[in-house]
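No lab work stands behind these numbers, since they all come straight from the coordinates. Keep in mind that this is a model prediction, so the values were computed, not measured. Here the Cβ positions follow ideal geometry from the backbone for every residue, glycine too, while neighbour counts run over all protein chains shown.
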Amino acid sequence: MCKLDFTIPADSNNGVLSPNDLRFFYYDIGLDNLSGIPVVYEENEEANNFIISKHLTIDTVEKDLLPAEYQEGSILFTTGTSDKSKMDALFRHLRNAFSHYRINRCGDYFLMKDYNQSGTMTMIGKIKCDDFFEYCYLLFKQREKFSNNQQTV
């Protein structure tokens, strides 16, 4: 019999996600990711303009260029061979970080990290919760287009 382990890792001492945060990461990030929807997300002008206006960095980097420490307003992540797009990689990292208790709330910020199977960090981020939600919802607008295309096929 498998015993579930709900202990919070030692490096996760920055706070617990709220019920709304949990719902967002579980339903909007996790279930979308499992259904393949992030593959359709593309960087778009509205999301890019938002990033610029808020002075945020949400981008891919090589593994050896990931900073060891959190940088405010930044989510940096690697891409893998199975990722179909930058957004596919981002949402895969978010799903993994959430499922391994590596997304925490620290005041108004989310602190997030993801690691590969060998223990090498593959994503690090510190971003205001409201900014992160708004950015994601700008990307989620693409769901309607995806749903409409699926229904016409």
- Cα centroid separation, the stretch 109-126 to the stretch 83-100 (Å): 10 Å
- Task: For K141 paired with S99, estimate the spin-label separation in nm (one decimal), with each label point 7 Å from Cα along the Cα-to-Cβ line.
- Result: 3.0 nm
- Message: Show me, bin by bin at 5 Å from 0, the whole-percent P(r) of the stretch 19-138 based on Cα pairs.
- Response: 2, 11, 23, 27, 23, 12, 2, 0
- Structure shown: which of K63/K113; K86/K141; K84/K126; K54/K126 lie over 19 Å apart, alpha-carbon to alpha-carbon? K84/K126
- Note the full-extension length gain between N48 and E62 as 0.36 nm times their separation in residues minus their Cα-Cα distance, in nm to one decimal. 2.9 nm
- Taking placed amide H atoms and a strict 5 Å upper bound, the residues 5 or more places from T57 or on another chain that come that close are S74, I75
- For every other residue with a beta carbon closer than 11 angstrom to the beta carbon of Y135, add +1 if it is Lys or Arg and -1 if Asp or Glu, then tell me the sum. -3
- What spacing in nm lies between the two simple spin-label points modelled at E72 and Y115, each 7 Å away from Cα in the Cβ direction? 2.8 nm
- Query: Looking only at the stretch 94-115, which residues have a backbone nitrogen under 11 Å from a spot 7 Å from the Cα of S18 in the C-beta direction?
  - Reply: 107-109
